[in-house]
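The block underneath contains the structure these notes are about, expressed in structure tokens.
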Amino acid sequence: MKAINVSRVSTEEQTENSPEAQNFRMDAYFANRKYEIIKRFNFVESAYKLKRDTFDEIMDFIVEASKKEKIAVGFDKVDRLSRNIFDKRVAKLYDLAIENKIELHFVSDGQVIDDKMSASDKFAFGIKLGLAKYYSDAIGDNVKRAFEQKRRNGEWTGAVRLGYLNISLDEEKRLRKTIEIDPERGYLVQKMFELYATGEHSLETVKNKITELGLRTLKGNKISKSGIENILKDSFYCGIAMSKKYGNYAHIYPKMISKELFDKCQEIRLKRRNKPSKVVSKDFIFKGLLRCHNCGCSISAEIKKGKFVYYSCTNAKGICKRVYIPENELLKPVYEVLERFESITEKAQNQLVNEIRKNTEMEVVFHKAQISRIQTEYNKLKLKQDRLLEAYLDQSITKDVYDKKHQEYQDQIQTLEIEMSEHSKADHNYQTTVATVISVARKAKTIFDNSSEPARKRQFLNYILQNPTVKEKKLYFTIASPFNLVLELASSPNWLRTWDDVRMSLL
């Protein structure tokens, strides 16, 4: 009888059960039976999945060959045929064997499927198929449980991020890996976040700057603009691992940046995405800040006579007349506001700050009390976790109970950590915050004049001005909070009486 050898492995790395080893056993087996081997199939493919393109081609060959004469089809073991009892190919080959068109030989299992097989042979074949599927299912379940436990422990199971390195550890003679900050690239990735958080850089300029500083991937390639964006929106760098399938969780590895810096980058990124601006060859003070009051289009700048800067509506909607306004004219109302800020005396500033100190003592006491409460609850939960682990090690509780309670405590601890962070930020002395605002406002004109670069001036104006528009060659705007409140105080002779309203707005 003629025979066909079918050798399969799931991955290229399965050298222990390689196609060569399978062929050697089947060659000896069929030679002993005086069968002539007419074809050998060696391929790499999972037998667990329903989609098996390579094996479908082998099936076509077997079906066509069986139409001419009865043939023997050899596999090393049942699991080399399939690990899925619902695989339609298994049923097809089984039917061909029962119809006496083929014989199925499983060499290492000592099993032959043909039209003469007994009930016990059929039962044994079904059991072997079931065990093959059970083995794969059990492996999958174990992997899922292992990954779930890793996430509970704050461990990351995905690819390492740029700026980090996988470090191998030898713990009790078992090879294990952890993640640490890359000493060569980590500080450059951190610099990337710091540059973008200033609001002065686009993804393109961050990419150019960070490339100049020498940042490259582990393979030595330059980082693309999309690569920069992916890094900037990845919370792994501030301590939170993101998983599309399982959600986000706090990881145990070193944080490269603070949560505040990460949030600032997201705020700027989303703002730029919702309000993109065109890159121009020259930089201007009002670049990207102004809108036409009439049509809502952008106001663009250009240089006339080699040195004079003029602004005009882009007229993208085709409803405006092109009118040019000198930059100096647009700056006049800005300087009027800056001079009003400058009129606040140092004595008035000190009086206001002293009053703030009296009125914020209760807020400071409240936040300190909340921090103390959170710390107490946090310590109690950590103690419960330690006791839970002891109970599990003593076998007083099952693993399922341990996992459920551990996750419950871990969720509560994570909530407390977030709450602690928020209260710690709020516990900054309010008087310091307000005093800084007033101090900046008083020095606004000096800061603006001393900023030599247009980008610096623009950044400062963007900080103070709100909704600036141009109408009939004039600039209109409102003052952004909290500087609008400072301006109101500067204009009010009874500023001390209005402090309660101001304080509530600033907080």
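Scan region 294-351 residue by residue and report those that are of a type in the set (D, E, K, R), farther than 23 Å from Val486 by Cβ and without any contact (Cβ under 8 Å) to a residue 24 or more places away in the chain.
Within region 294-351, Glu302, Lys304, Lys305, Lys307, Lys317, Lys321, Arg322 meet the criteria.
Across region 217-244, what is the number of residues that are under 12 Å from the mean Cα position of the chain (by Cα) and in a loop (DSSP other than H, G, I, E, B)?
Qualifying residue count for the region: 6.
Pairs, please: C-beta under 7 Å, at least 6 apart or cross-chain, first residue assigned by TED's automatic domain parsing to the domain that holds Phe123 and in region 94-108, second among the polar types (S, T, N, Q) and surrounded by fewer than 20 Cβ atoms within 10 Å (Cβ to Cβ)?
What qualifies is Leu96/Ser66; Lys101/Ser66; Ile102/Ser66.
Please go through region 61-90 and give me each residue that is surrounded by 12 or more Cβ atoms within 10 Å (Cβ to Cβ) and assigned to a helix (DSSP H, G or I), ordered by number.
Phe61, Ile62, Val63, Ala65, Ser66, Val78, Asp79, Arg80, Leu81, Arg89, Val90
Among the residues of region 56-80, which ones are closer than 14 Å to Met26 by Cα and within 48 Å of the chain's Cα centre (by Cα)?
Phe75, Asp76, Lys77, Val78, Arg80
When you scan region 40-47, do you find a residue that is modelled with pLDDT of 90 or more and part of a strand (DSSP E or B), even just one?
Within region 40-47, one or more residues are modelled with pLDDT of 90 or more and part of a strand (DSSP E or B).
Residue-wise test of (1) at positive phi; (2) surrounded by fewer than 17 Cβ atoms within 10 Å (Cβ to Cβ).
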site: Phe262; (1), (2): no, no
site: Gln266; (1), (2): no, yes
site: Cys292; (1), (2): no, no
site: Cys295; (1), (2): no, yes
site: Ser300; (1), (2): no, no
site: Lys305; (1), (2): yes, yes
site: Thr314; (1), (2): no, yes
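Which residues, taken from region 230-271, are of a type in the set (A, V, I, L, M), touching a residue at least 24 places away in the same chain (Cβ under 8 Å) and more than 24 Å from Thr157 (Cβ to Cβ)?
Result: Leu261, Ile268.
In this structure, does Leu93 turn out to be under 22 Å from Ser18 (Cβ atoms) and among the hydrophobic types (A, V, I, L, M, F, W, C)?
no
When you go through Leu213, Leu188, Leu195, Leu203 one by one, which is the residue that is among the aliphatic types (A, V, I, L, M) and without any contact (Cβ under 8 Å) to a residue 24 or more places away in the chain?
Going through Leu213, Leu188, Leu195, Leu203 in turn, the sole match is Leu195.
Taking the criterion of being closer than 25 Å to Thr478 by Cβ, modelled with pLDDT under 90 and part of a helix (DSSP H, G or I), would at least one residue in region 274-294 satisfy it?
Yes - at least one qualifying residue is present in region 274-294.
I need every pair where a residue in region 379-396 that is within 16 Å of Glu417 (Cβ to Cβ) has its Cβ under 8 Å from the Cβ of a residue that is surrounded by 10 or more Cβ atoms within 10 Å (Cβ to Cβ) and among the polar types (S, T, N, Q), sequence separation at least 6 or different chains.
Close Cβ pairs satisfying both conditions: Leu381/Gln412; Gln385/Gln410.
The values are calculated or read from the model by the stated rules, or taken from the named source; none is laboratory data. Keep in mind the model is a prediction, meaning the values are calculated, not measured. All Cβ positions, glycine included, derive from the backbone under ideal geometry; neighbour counts span all protein chains shown.
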